[in-house]
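Here the structure comes first, spelled out in structure tokens, and everything after it is commentary.
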Amino acid sequence: MTHRFHDLLALESLSADELTFLLDQSKPFQEIQKHPLKKLATLRGKTVALAFFESSTRTRISFGTAASRLGADIMNLQAEASSLKKGESLLDTVHTLNAMKPDCLVVRHAASGAADFVARHLDIPVINAGDGTHEHPSQGLLDALTIRDRKGKINNWNVTILGDIRHSRVARSDIHLLGKFGCRLTLCGPAMWVPRELEQIAPQAAIRRVFNVEEALDGADVVIVLRVQTERLHEPALSASDYVLLYQLNGERLRRANRDAIVLHPGPMNRGIEISPEVADGPQSCVLEQVTNGIAVRMALLFLLCAGHDEEGAHPSSEAQQPVNRRAADVKDPSHASR
Ligand code: NCD
């Protein structure tokens, strides 16, 4: 079954079928990461605009690398050095970028709902690279791809999410996605970061809150550790050393999980705070696989959203049309379509 997408703003609204399609589309791009020559011509002549209004290392580099490995050009907004500093609004800034005619816009912003807002005002495809505490859909997809690869399937696992779930867009995207595949979700962290409302965010999903970390890890197949935003740790309510004592995922605690449990962390990690070095670097950790899979997922998304628009707006240059004049949905294996 194939699907067409105009934007990727959230995982909440996608079906298990659509999510499976996106994961399957990432597969050939995973293979490309293993080749000595990684560059394709699939999006030659296309331009991807990266509009990161909030700091980012891996997501920005990952989208940029994905775009360039597909042969696209990149337009890069440096928030710190841009007119934002002079008071320009979000909307004026993205309209200005759009006037330079990119084919797709990847946006990160500190406000929840910013990506939807931008998408409502632009005709080109918009990808949400993280909006406030709302969603981070490409991270949810790369987490799912990593789980599927390591554990052979995505369905019906016991998944424990550990940390500041309240402020985490990664946790929300993961919960929406994994809930659609029948995974049972245990949310664990300090009570102020795991409010009761979280039990209701994905109505079909089995979600429970557990405040004791050992109990939350019992029988887990997948453990997703979230970054502690250290600016949110305040003495005397909760200090960094309290957090380590009560919630850090260390080797001894991980033994409560199933023997073949895997550990994910979206990065950046605060080593020694939410995760011990022994676990971060241990055989159960998938942290670096997540980073590698991020490129494949983002290549698939850019391919589906940018190449899929060719028929409606044909490129005036016939040379530029050549590698990409196929509908995304018709291309079974994009790695062979236009190498
Ligand atoms: C996450 C984010 O920015 O939401 N990082 C990322 O994209 N890899 C998680 C985080 O910053 O804690």
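The values are calculated or read from the model by the stated rules, or taken from the named source; none is laboratory data. Source: prediction; values computed, not measured. Cβ atoms come from the backbone with ideal geometry, glycine included; neighbour counts cover every protein chain shown.
If the condition is being in contact with an Asp or Glu (Cβ under 9 Å, 6 or more places away or on another chain), farther than 19 Å from Ile61 by Cβ and either away from the ligand (no atom under 16 Å from the Cβ) or part of a helix (DSSP H, G or I) (or both), then segment 123-155 contributes Ile124, Pro125, Val126, Ala144, Ile147, Asp149, Arg150, Lys151. If you take the residues in segment 192-239 that are among the small types (Gly, Ala, Ser) and farther than 30 Å from Arg150 by Cβ, which one is modelled with the lowest pLDDT? Looking at the filtered set, the residue picked out is Ala237. Collect the residues in segment 52-90 that are within 16 Å of the ligand (Cβ to nearest atom), closer than 17 Å to Ala110 by Cβ and of a type in the set (Ser, Thr, Tyr), keeping them in residue-number order. Correct list: Ser55, Ser56, Thr57, Thr59.
Picking from Leu77, Leu105, which residue would you name as being under 28 Å from Gln290 (Cβ atoms) and at pLDDT below 95?
Numbers: Leu105 fails: at pLDDT below 95.
After ruling out the rest, the residue left standing is Leu77.
Given Leu50, Leu8, which one is within 19 Å of the chain's Cα centre (by Cα), within 16 Å of Leu142 (Cβ to Cβ) and surrounded by 14 or more Cβ atoms within 10 Å (Cβ to Cβ)? None of the others qualify; the one that does is Leu8.
Restricting the search to segment 18-51, which residues are of a type in the set (Gly, Ala, Ser) and away from the ligand (no atom under 16 Å from the Cβ)? Reasoning before the result, please.
At the first step, the residues of segment 18-51 found to be of a type in the set (Gly, Ala, Ser) are 26, 41, 45, 49, 51.
Passing the criteria: Ser26, Ala41, Gly45, Ala49.
Hey, does segment 91-110 have a residue that's without any contact (Cβ under 8 Å) to a residue 60 or more places away in the chain, assigned to a loop (DSSP other than H, G, I, E, B) and within 16 Å of the ligand (Cβ to nearest atom)? Yes - at least one qualifying residue is present in segment 91-110. Per this entry, Ala307 is not counted among residues that are closer than 30 Å to Gly45 by Cβ, in contact with a Phe, Trp or Tyr (Cβ under 6 Å, 6 or more places away or on another chain) and small (Gly, Ala, Ser). Before we move on, is Gly267 on the phi > 0 side of the Ramachandran plot and surrounded by fewer than 19 Cβ atoms within 10 Å (Cβ to Cβ)? Yes.
Does Leu185 qualify as being crowded, with 24+ Cβ neighbours inside 10 Å, within 26 Å of Val291 (Cα to Cα) and in contact with a Lys or Arg (Cβ under 9 Å, 6 or more places away or on another chain)? Taking the combined requirement at face value, the residue satisfies it. Go through segment 258-273 and report how many residues are part of a loop (DSSP other than H, G, I, E, B), within 16 Å of the ligand (Cβ to nearest atom) and aliphatic (A, V, I, L, M). Count: 2. On the stretch given as segment 1-42, residues that are touching a His at 6+ places or on another chain (Cβ under 6 Å) and under 18 Å from Thr292 (Cβ atoms) total 0.
Quick check on Ile127: is it assigned by TED's automatic domain parsing to the domain that holds Thr20 and β-branched (Val, Ile, Thr)? Against the criterion (assigned by TED's automatic domain parsing to the domain that holds Thr20 and β-branched (Val, Ile, Thr)), Ile127 qualifies.
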